[in-house]
Each structure stands twice: as C-alpha cells, then as structure tokens.
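Read-outs throughout are calculated quantities, based only on the coordinates presented, and are distinct from any laboratory measurement. Because the structure is predicted, anything quoted here is derived from the model rather than measured. All Cβ positions, glycine included, derive from the backbone under ideal geometry; neighbour counts span all protein chains shown.
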Amino acid sequence: MKIAVCVKRVPDMDVRFRIGADNVSVDEGGLKFDINDFDAWAVEAALQLKDKNPGSEVTVISLGPDVVQETIRKALSMGADRGIQLKADKVPFDGLVIAKALAAELKTGGYDLILFGKMAPDSSAGVVGAMSAELLGLPCVAAISSLEIANGKGTAKRELEGAQEIVEFPLPAVLTIDEGLNAARLPSLKGIMAAKKKPLEVKPAQLSEPQLSIRKLELPPERKAGRVVGEGAAAVPELVRLLQTEAKVL
Amino acid sequence: MAERQAKLLPSAHQAPLPLQQLILTEPPDAEAVPMDVLFVGGGPAGLAGAIALARMVKADNEAGGDLGDVQIGVLEKAGALGEHSLSGSAVNPIAFRTLFPELKDKDFPFRRPVDAERVYFLTESRAIRMPTPPTMQNHGNQIASICEIVRWLGEKAEGLGVNIFTGFPAASLFTEGKRVIGVRTTPSGLARSGDPGSGYAPPTDITAQITVLAEGTRGTLSQAYLEWQKVTSQNPQIFALGVKEIWETIKPLDAVVHTLGWPLPRDCFGGSFMYPLSRNLIALGVVVGLDYKRTSDDVHEMLQRMKSHPLFRDLLESGEMLEWGAKTIPEGGYYAIPERRHGDGLMIVGDSAGFVEVASLKGIHYAMQSGMFAARAAFDALKRKDTSSASLKTYDEMVNGSFIAKDLYRRRNMRLAFQESNFYFAGFKAGLMTVTGGALPGGRIHSHDDAEVPREVTPSQPFVPDGKLTFSKLDAVFKSGNATRDDIPSHLIVGPDITPEVAEMYTHMCPAGVYERDGERLIVSPANCVDCKATDVLGPRWTPREGGSGPKYRQM
Amino acid sequence: MANIFAFVETRGTDVRKVGLEAVTAARMFADKSGGGEVHALLLGPPGIAAKASQIAQYGADSVIVVEHAGLANYNPEVATATAADRIKSGGYRAAIFSTSAQGRDLAPRVAARLGVSVVTDVLSFEIDGESIVVRHPMNIGKVIATVAIAAKPAVIAMRPNVIAPAQNAKPGKVENAQPAIDPASARVKVIETRTGGGGKLDLAEAPVVIAGGRGLKAAENFKLVEDLAAAFGNAAVGATRAVTDDGWRPHSDQIGQTGRLVSPELYIAVGISGAVQHLAGMRTSKTIVAVNRDKDAPIFKVADYGIVGDVFEVIPALTEAVREAKKHH
C-alpha cells in the first residue's frame, strides 16, 4: 500500500501565550514545538497498516519553513519511509490555501490512503483534511476512532454526539484521525539513527491567495475570580442559594 | 508505642547503591546499537564534549586522516534537551570562547552581563548590605539560563552530526572485566507493578568504545563505577540542595543579589541568589547544604518564607511565578574529586566528577571544559586505537594542569570550613582563606558524608502557603512542568527501618513532595520526583526511570 | 440585502438543536445585513418533511426539503453535493453550519467544493462592509482570533450552544427537492448510526453539564454524577481525559482540548483537579462550580463557586438539595 500522512509542527499548548507586537500573530519566543498529537496518531495508523502489509511505503508531508523538517524526521524515526517538505515562509492561516498546496502534491503520488490528524490545536480549525479530500475528489471519512482495511475497502467508526457512525468506504480515500484510535509509538534509538538516512525532498509550496485574514488576536477576558463557598456537605445550602439568586442557573 | 528518637542518622535508613543492576557483566544484546563515543547526559559537559570531538574528527578527516565515520552519541533522560537542567546562573564565558573561537560573545546564549552586584545579610525584617566577598564577584560573567545554553549547544551538536537521543536514560553500564563497553537504557511503559504495560518499549543496548559519564550532580552510573572499581577521594562528596523559581515581575531588578542569614538557621550553610534574566524576568533561589542539623529543616519552605522578606516581596508582589525547580550541587570541592576520573573505555566529566566551585557558585564552565578535555583524550585514543585506561589517562592530566584544578585547589577548604562550626566564625575563616589564596588556615579539613551527619529530631513548623507569593510543594511541582504519568512504577529504593520520624524527615528533605507521612507510614509518590537527587544523598536511593519523566524546565 | 443559507442538521427524522441554532444564526445575519431571506436546507428520510414548519418557526423564509429513503443515515457526499449546489445557485452571502461532529465533516467540504474558505467554531459574527468578521478561538481557546472573510459566500460553522435557538416565525415556504446525487451512488456509506443509551442529552446541547474526574476513584462511582444529573433533569454527564483514558467512560464523553468543547449555562466539576487541557474544553461555560477535596486544585481558580470537601459527602447532599429546589419550581 502507498500511504501518505500530512503532519504539522505545532507549539506546546501548556503555556501562557503572548500576542506579538503586530497584534495578529502569537509571540513564538520560548515556545517549544513538536508534531501535532493527532498527526502522530495518523502516522501510527499508517505504520500499523505498513506492519500488516509488508512492502507498503509511508510518505510524510509537511508544509512550512525549514524547521518542519524536524517534524518530518520525527515521523521518519517512528518508521515512515520518506518525507516531503512543501516549503513556505510561514504556514498560512487559511486552511483552503494549505489544502490546495497539499492536494497539488498528493495528486501526483498515487496513494491508496491519505491520512490527516483531525485537527491541529493551534489553528483549532480541523478543516484541512476534509478540504484536501474534496479537492482531490476522494472519499473522506473524518474523525475516525477505529479503522479496518482489507481488500481495497475500509470500515471506520466516527464518534457523534451521543452516537456512533459505522462507515464503509473504498480505497483510495482520505481519513482524518481522532484520539482513541491508537497510541503513537515512541521512536527507537535505531529509528532515530535510521531517520537521518531516509530521503527528505524539499519542494516549493504552491500557495494561492488567501480569503481569510486575521484582523487581530487577543487573550480571552479573564474570568472574574470566583470563591470557595465553604467546606464539605455543610456548604451545599449556600451553594444552592448562590446558584439560584446570583448565578440564576437553578 | 515506639520510642521516639532524639537524633536521627540518615545513613542508618538508606539502602546501598544497587550495584548488581547498575554494573552488568552479561554481554549486550546482539542487536546492540554500535557507537564509537557515547556521552551519558545531555548537559553542558556532555554536549561540549560531543561538539569538541565532532569538530576534531571532522578536521582530521578533512586533513586526510583515517578515522572515517565516528559515531558520537549523547543520551539524555529528559524528553527534550534542557528539561532537566537547572542552575543559577552567572556563567564564566571562558569555555564558550575556547570551544567556539570563531564566534563573538554576543553570539552566545547569554541573557546579559553581570554589572551591579549586591550582597546582604538578612534578618527577619532587615537587609544589611555587606561588601561583596571576592569569591562571589561576578565581573566579566554573564547571566544565563542553563536551559537555553543546553538547547543552544544541542543545536550546534546536531549540526555537526552528533546523534542526540532524548528520552533515553542510561540504566546500567556493560562491562567486560574492568572495561566499560557500553550502556543499557531504561525500558518504558512499565505498569506500577513493574511488568510491561501497554506501550511497553524494552531497553536499548548500546556499545561504545568510550563511554563518557556526564550525568550531572550525583550521577548514578558515576557513583556505581567508582564504587565498583574502588576509586576513592580524600573526602566524601557532599551536597547542597538548591530550590529555584522564575518570576515575571512588574518592577525590574537592577543587580545580581546574594543574601546570607535569615531564613536559614545559623548552623545551615548556604544563602540565596537573585538574578535578572531580563527586564521583567528574574531567577531566584536558595541553596542549603544537606548537612543541615534538624529533621524539620525544609529547603523549599525556606525559599517560600524568604520571599516574604521586604527585599524580595517588594519585587515579587504583583508578579507571577512562572517556573519552579530543584537540584543538588556537589560541594566537596577539590578533596572530594575522585582520585581518577578515567578507566578502560571510560571517563567522568562535569558535576559527576565534582568539578564545582561552591564559593563562587560556578560549575558550568568547568563542566564544559572537562567535556572538551575528555573529547581530546577520546580523539587521541581513537587515533591510537587504544581506549584503555592508560591511554585515557591524558584526560586527568589535562584537567589537573588546567584552571579547573587550579581554581578548585585555591578554594579547597572554603565549604568545609562551614561544616564544623558556627556560620559567622566559619565566615571569618572563609574570608581568611580567600585573602591568603587558601594557604591559611592550612591543612585539609576532613568532611563527613552528608548521610553520616546526625540530625536532631524536631517537630515540623507550620507552613501555610498563600498560593500567590508562596506555594505548596504540590503547586510547585506542577510549575516544574512535571507531567509524569501517575501510575509509573517507583524508581526509589527505600531503606530499612523507616520510623515515623524518618518519614517525617523525608517529607522535609524532598522539595517536590514525593514523600508524605501518614501516621506511622511513609507514602511515596514517585511521579512527583524532579530528579534533584537530594533523596539519593539522604534518603531512598534514586535510580533511572522511564525517559521523559520528571520536570520540563524551560528557562531555568 | 443578502440571502443567507442555513444547513439544518438532522438525525433520522429528528431535527437536532444545532440545526435550529444555525437557522437562528442565519436569521440574525439576514436581519443585520438589511433583512434578506433565510433559506434552510433539510435533508432526511421520509418523515423529515413534517419538520419544515418547525424550521419556519425559527426564522426560515423558505425550507428546501430533500426527503429520500436513502437518507436514513447521514450521507456525506449527498449532503456536500446538495448543499454546495444550492449555495452556488442561490447566490447567498453566507452559509451557516454547526461545528458539530457532522458539521466538522460537512462545512469544510462544501466550502472546498465552492472554492471558498471556511471558519469553524465561530463564537460571533459581524458584517463589516464587504467582509464578514467572525471570532474564533485558537490555541485551545487561549487566544481569540478576529478573522475577516473576504470570500463570497462566507462559509461559517458556529460553535454549538453559543446561539440560543430563538422563535421568529417566518413563512417557511416549502420547496421539495431532489438530492444532488443519487444516494446509492455515494462512495462513503454510513451503514449504521448507533445511539448510546436512548434519550441521553448530548454534552454540546445540554444547559447543564456535570463532569467527573479521577477524584471519583472508581468507574462505578460515576453513579453519583449521574444521580446529580438526573436531579437537574436537563443535564449531561461528561468526563476528564484521565478518566476516559482509564476506560471508565467512553471517549465521546471526554471534555477537553482534544475532546468535546462545551459551553453550558452551568458546569459542575466533580473530583476534577483542573488540568489545562480539560479547562480548554469548558472555560467558556457561563457558571462553573467545582467540588474537590484539595483546596489547592487548579480548578478552583476558574470556578465561580467552589466547595472544598469529600465528593462522596458533598455530591449526594447537593443532589438532594437540587431535587428539593426543582420541586418548588
């Protein structure tokens, strides 16, 4: 099987963010970056399919400046076979621009399966996978939490609100991966060394004009400080009173 | 009811170093990854060594030498470089200049030069300005974050083709006779029982012609090697525990500040430091010798209490604590350095070898320089195709003839002067040593292993953190970035006869709240551990655990 | 004056609350931009047509009903093709969807098919001349972006529970239409929609959400949370990642950065310490209550009201008190 996985380099979310002086970007000083967790699960899904189908090849693609090569190498050290960097000065904000650039590259690859993470925590958009599928004219199943592939067809499960969808689809297809599908394997020491020797091609990204622009970024308003109403079951009457009279939610 | 102890001797309750698991005589796996030179530890010593070696090999190959492809590896237990590195720090740039002669000072990962310095003697309410002792003068030094230094060195190393393996702690040394032939890493994904859980990854075996132990303070494999090969030092190594915080402040700090006195008890060695990293970012902490005299002495609490002193409070009020961390510092100085730091296929560098000068609180430039000397010795050994002890001896010779030995010799009795007597009398002695270049008072002061120093059993003092200026250990550990999984098996070996008094002492000894006393029992929460190693010195022995566990320091 | 398109999400023959939210949002939009028409698209199996009048109640000037036997389950390709075709031919200024599980799949595809961009998880929208300006959280809610959409139509997917469905009766002229492609020809086939335990209120729709964390100590203790939810009568039960990772509750119950984003009137955190990634999923709740035995737990920093205590004592007491309070309604 030929499998492609699109990955994104994202900052660690466990920090207090600062808005840059230009007001439309986040200050990257001191931020630590790594592969998007959802994309790591997508890479793992591809590798598990490769394990089951010897002779398969997993290609990892990322759009962005040269630093994204670190992210591609991480996927290579997990076991992917080759990487492609679509070089661009910055990762565009408009998901359609990213999808178009990725689709242009993916079209030429003859892939049986194209995997994306369901969403990236920085953009928090979750659109690139589905848009790419549409641009490629391929069937798409988004946010899958279980997957089986056999004989050129696949079955997946999607979590809905209070329900689950069981979906069947033919290959080639695009899938976006949700949490719970698998746990990403840690790169082994040998894998890290081998990754250095695997091919990583750099090509210019074909970027179209964006239709979205950021007018400003701001930090959400601080929640007004709350208070501890009391201790133990004895505090319950006071809490209920406050919920009724002050918060008016009861 | 058990008799209450009046005095407690930490060593009586400690387990021995588990040599049988640290020193392996079985051969490595057939699938072992072959390296030529392996640095255990991705701190300043290991990285400087790897960089120096990579450059020497490159230059040699370019000049037509026959070394060919030399695989250099750096093993680091943290998930990413810098995450377990912690220091003050005011750095002497000399090692950077030597390692990177083509770069200028402004290219190095420093925050700002030290200009003004002030030393205070504190009482509970006052701050009395003291003249800065010559040993603490930082003129010409640079304020830096060791995390930033390590990340910067890491980039340089990777650019030179050094293999950096983060998340791979070294668990044991492979040996053949007296020779060290490689390292086994820890497994990951063990369940609390110690059996493989889901996501289990087995240990990796690595062979190396030369292994350089750069494990930092109280290195486990370094201790194991020295004990196994019966290498001694004139005095035992002794340690201080530093607890540090990074604060974002509204008011700027305009000087490097050191304090002595309150809140440290009179018989405690140590003091505090406060450095401006940038206009609104300060690093502050407290450093206290682990030979403290009472079981209730608690270094984390001393730091918290200290912040309420007007000298600190004025700055920190309306600020915010961004990070917290802790680490021990080897303080034995010259006489505590092992008699030899090399063996067949092995060298020991940096803090693991005790190259720290405590009077000036400096260790980073010694660590880097020692790493560079080890690189030189390794390079020569590879060229000669002789990695025996006799061949690697040049490493010790280089260190002995360098400023590392000279500086440490000059200050050789400084810390030890404080071990025996009243702090102020000791201060006078220390002053005398400074002025006379160590000649007076003369002789070697004998020192005691920290664990052999008995402590008075004293009741805990109440400490109520306010969550804004002062913090509980639980809050503090959260701020260290520690996100170790809750069900990790314990890496701590508890010794015999843990009475309630011992348990109580452990709760104060550990800055991260790993130990709690519940009535008569000791409760251990190993996931809280930030690898400071205080426990290894005074309490349950520390052993390597799953890679990526522990703190995630950012700007320490 | 611009017409606005709304996609009404359905499940079987039921209209989902987020579908009504989309119609209400479209109505607000149309009114803000000079009073254009709202055209709502309703897709479903036989029986869905009967829901058209409900859609009219919420402000639709016309309801395009596509009723087909092959649409018993969601059919992504039919929905995408039909919506895109109608939006293109209708010349709409904007097309409103919901950022539900279905909407996350549908809205980007419709946009890509139309050659325009899409903004998901939208908190609010304004019209600014030729641009439509929306607010959308980034960095797991730690940063709010104000985004200008230059595209026409602007494809927007609203965050669930941010727009309350509002009655605003309009003609709702029904137009019966065919699916743009034959449902049988779709390549992706939803062969089954399995509901989880009939009649449970969904997390994104419930006005009250009660979430349980590690502090409950064992899976069976979730009964405490369920009892409290039952006492409220209009509450859904959620969980933290720690608890879903351990398998006590299904993944779909996980509230947090990588799970569900909820924004209820009242959020009660039971035995939850307040890890950052959990807070990201619920910090926009109107009122937050926390019960935890650790007074230093980070959750107390975001809670409007907190009780420090043993959940096994406090929650039953609270359940009883809520039952009493509801009785006197």
* Over the Cα atoms of segment A:154-249, compute the convex hull volume and normalise it per residue, giving Å³. => 377 Å³
* Environment charge at B:I488 (Cβ cut-off 9 Å; Lys +1, Arg +1, Asp -1, Glu -1) -> 0
* **Whichever lysines have a C-alpha closer than 21 Å to that of C:K223, once near sequence neighbours (fewer than 8 apart) are set aside** => C:K200, C:K326
* Amide H neighbours of B:E117 under 5 Å, counting only residues 5+ apart in sequence or on other chains, H built in-plane at 1.01 Å? -> B:V256
* To do: Return the average number of partner chain Cβ atoms within 10 angstrom of each residue Cβ along peptide C:117-126.
  => 4
* Structure fact -> Partner shielding of A:207-215, as the mean number of partner chain Cβ atoms within 10 Å, equals 6
* Asked: Using θ = phi - 60° and the Karplus form 6.51 cos²θ - 1.76 cosθ + 1.60, what ³J(HN,Hα) does each residue of segment A:84-94 get, whole Hz, x for Gly and Pro?
  -> 9, 9, 8, 7, 8, 4, 9, 6, x, 6, 7
* Fewest to most neighbouring Cβ within 10 Å: what's the order for A:F38, A:F93? -> A:F93, A:F38
* Structure fact -> Of all DSSP beta bridges having both residues in segment C:4-185, the percent classed as antiparallel (nearest 5) is 35 percent
* Structure fact -> Whole-Hz Karplus couplings 3J(HN,Hα) for segment B:478-486, θ = phi - 60° and coefficients 6.51, -1.76, 1.60, Gly and Pro as x, run 4, 6, 7, x, 5, 10, 4, 4, 4
* Would you mind checking which residues have amide H under 5 Å from B:V91's amide H? H placed 1.01 Å from N; only 5 or more apart, or other chain. => B:Q142, B:I143, B:A144
* To do: Any aspartates and glutamates with Cα under 15 Å of the A:K198 Cα? List them, leaving off those in the same chain fewer than 8 positions away.
  => A:E57, A:E70, A:D81
* Counting each DSSP H run of 4 or more residues in the protein assembly as shown as -39500 (n - 2.57), what helix-only mean residue ellipticity at 222 nm follows after dividing by all residues, to the nearest 500 deg cm²/dmol? -> -8000 deg cm²/dmol
* Asked: Rounded if a/c is under 1.5, else prolate if a/b beats b/c, else oblate: with a ≥ b ≥ c from the C-alpha gyration tensor eigenvalues square-rooted, which is segment A:45-191?
  -> rounded
* Asked: Nearest-5 percent of antiparallel DSSP beta bridges in the protein assembly as shown?
  -> 50 percent
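Express the relative contact order of segment C:208-327 as a whole percentage, based on alpha carbon pairs under 8 Å and six or more residues apart in sequence.
Numbers: 248 pairs, mean separation 31.4, N = 120.
This gives 26 percent for segment C:208-327.
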* For chain B, what is the relative contact order in percent, using Cα pairs closer than 8 Å and at least 6 residues apart in sequence? -> 23 percent
* Structure fact -> Surrounding charge for C:A242, neighbours by C-beta under 13 angstrom, Lys/Arg +1, Asp/Glu -1, total 0
* Report relative contact order for chain A in percent, whole number only (criteria: Cα-Cα under 8 Å, sequence separation at least 6). => 24 percent
* Too-long pairs where the Cα-Cα distance tops 26 Å, listed order kept, from A:K157/C:K88; A:K2/A:K87; A:K197/B:K393 -> A:K157/C:K88; A:K197/B:K393
* Asked: What order do you get for B:H139, C:H251 when you list them from fewest to most C-beta neighbours inside 10 Å?
  -> B:H139, C:H251
* Asked: Using a cut-off of 12 Å between alpha-carbon atoms, which aspartates and glutamates can reach B:K533, once sequence neighbours fewer than 8 places away in the same chain are excluded?
  -> B:E215
* Of A:K90/A:K216; A:K107/C:K17; A:K203/B:K104; B:K156/B:K230, those spanning more than 28 Å from alpha-carbon to alpha-carbon -> A:K107/C:K17; A:K203/B:K104; B:K156/B:K230
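Beta carbons within 10 angstrom, averaged per residue: use that to sort the peptides A:63-70, B:112-119, B:215-222, highest first.
Put in order of decreasing packing, that is B:215-222, A:63-70, B:112-119.
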* To do: Name the residues whose placed amide hydrogens come within less than 5 Å of the amide hydrogen of C:A236, ignoring near sequence neighbours (fewer than 5 apart) on the same chain.
  => C:V208, C:V209, C:I210
* Counting residues in the protein assembly as shown as N, plug N into 2.2 N^0.38 Å and put the Cα Rg over that result. => 1.01
* Arrange C:H136, B:H491 by Cβ neighbour counts within 10 Å, fewest through most, would you? => B:H491, C:H136
* Return the sequence-ordered ³J(HN,Hα) values of segment A:39-45 in whole Hz as given by the Karplus equation 6.51 cos²θ - 1.76 cosθ + 1.60 applied to θ = phi - 60°, using x for Gly and Pro. => 5, 5, 5, 5, 4, 4, 4
